[in-house]
Amino acid sequence: MIDFNLKAKTAYLRLVDQKDATFICSLRNDDQLNTYISKSTADEEAQRQWIINYKQRELNGEEYYFIICRKSDDLQIGTVRLYDFQTNPKSFCWGSWILNENKTKYAAVESALLVYEAGFNILKFEQSHYEVMKGNDKVHSFHIKMGAEKVSEDATNIYYVFPKNQHEKNKVHYAKFLG
Ligand SMILES: CC(C)(COP(=O)(O)OP(=O)(O)OC[C@H]1O[C@@H](n2cnc3c(N)ncnc32)[C@H](O)[C@@H]1OP(=O)(O)O)[C@@H](O)C(=O)NCCC(=O)NCCS
């Protein structure tokens, strides 16, 4: 079992558990938040079963699904997930990135930095890859500002890669967000 210990200034990540099914259902079925993410079940029992299946992938080291929590009171404020682990190049995808209205002001920056810390420095990937749906303008801007490189696009998505050396630079540039 990996001890991720992913803490930033106002938020931290902890691995998802079965008891998070209710929170995840409410988050993913919030119409203010789910325009640009894939549809998922609103049925809490189905979500709980999904988490049970995920926990096996977690044990196998194939995927890591985190709850983003507020540091001041441990409240759940969002989710983020590392998955689609590839070799040659050694690359991980991240997504299921959602923050609700209880987020701290810079929880987005903090959680992104923690995802890269997990992927690059704990899991030892060399690169990250992900897609963002066209129209999700704020999120495109976010990734570009952090140093993501656009590699391609199709009718639905823009595809990005993010190299490990960019994270090493960001750790210095954004040190104040890590606390
Ligand atoms: C994606 C998501 C988690 C991002 O969180 P967010 O809080 O909206 O992120 P923001 O871009 O507003 O960033 C938070 C703050 O950090 C600031 N910030 C962002 N990047 C920054 C950077 N590189 N340097 C300094 N500050 C930065 C922002 O300006 C913002 O501060 P402000 O409120 O003063 O403007 C959230 O929008 C969400 O849940 N969206 C719905 C689901 C979704 O679309 N997920 C992504 C699928 S690809």
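The values are calculated or read from the model by the stated rules, or taken from the named source; none is laboratory data. Keep in mind the model is a prediction, meaning the values are calculated, not measured. Methodologically, a virtual Cβ is constructed for each residue, glycine included, from the backbone with ideal geometry; neighbour enumeration extends over all protein chains shown. We work out accessible area using only protein heavy atoms, side chains counted, and drop any ligands, DNA or RNA first. Shrake-Rupley method; radii C 1.70, N 1.55, O 1.52, S 1.80 Å.
Key figures for this structure:
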| quantity | calculated |
| --- | --- |
| Mean separation of Cα contacts under 8 Å, 6 or more apart, over the residue count of segment 7-78: relative contact order % | 43 |
| Percentage relative contact order, the chain, counting C-alpha pairs under 8 Å, at least six apart | 21 |
| Estimated dipole of the chain in Debye, rounded to 20 [Cβ of Lys and Arg +1, of Asp and Glu -1, Cα centre] | 660 |
| Gain on full stretching of the segment that runs from SER152 to ALA175 - 0.36 nm per residue minus C-alpha separation | 5.3 nm |
| Nearby aspartates and glutamates by direct alpha-carbon distance to LYS134 (threshold 13 angstrom, same-chain neighbours under 8 apart not counted) | GLU153, ASP154 |
| Loop-located GluC sites (Glu not before Pro) in segment 53-122 whose Cβ has at most 13 other Cβ within 10 Å (DSSP) | GLU62, GLU101 |
| Cα pair distances exceeding 16 angstrom across segment 99-179, given as percent | 54 |
| Between segment 92-134 and segment 1-73, the Cα center-to-center distance that results, in Å | 13 |
| Vicinal HN-Hα couplings computed from phi for segment 28-33 (Karplus, 6.51 cos²θ - 1.76 cosθ + 1.60; Hz; Gly/Pro x) | 6, 9, 7, 5, 6, 10 |
| Lysines whose Cα lies under 20 Å from that of LYS164, excluding same-chain neighbours fewer than 8 positions away | LYS7, LYS90, LYS124, LYS145, LYS150, LYS176 |
| Longest segment of the chain lacking trypsin sites (Lys or Arg not before Pro) that sit in a DSSP loop with at most 15 other Cβ atoms within 10 Å | 40-89 |
| Estimated Rh, the chain: Kirkwood, alpha-carbon pairs, angstrom | 16.6 |
| Carbon and sulfur %, accessible surface of segment 6-178 computed with the full protein complex present, 1.4 Å | 50 |
| Gyration tensor (Cα) of segment 1-102, equivalent ellipsoid semi-axes in angstrom | 21, 18, 14 |
| Accessible area in square angstrom per residue, segment 60-158, 1.4 angstrom probe | 46 |
| Magnitude of the charge dipole, segment 77-136, Cβ model with Lys/Arg +1 and Asp/Glu -1, debye to 20 | 40 |
| Spacing of the two label points (7 Å from each Cα toward its C-beta) at GLU101 and ASN60, in nm | 3.9 |
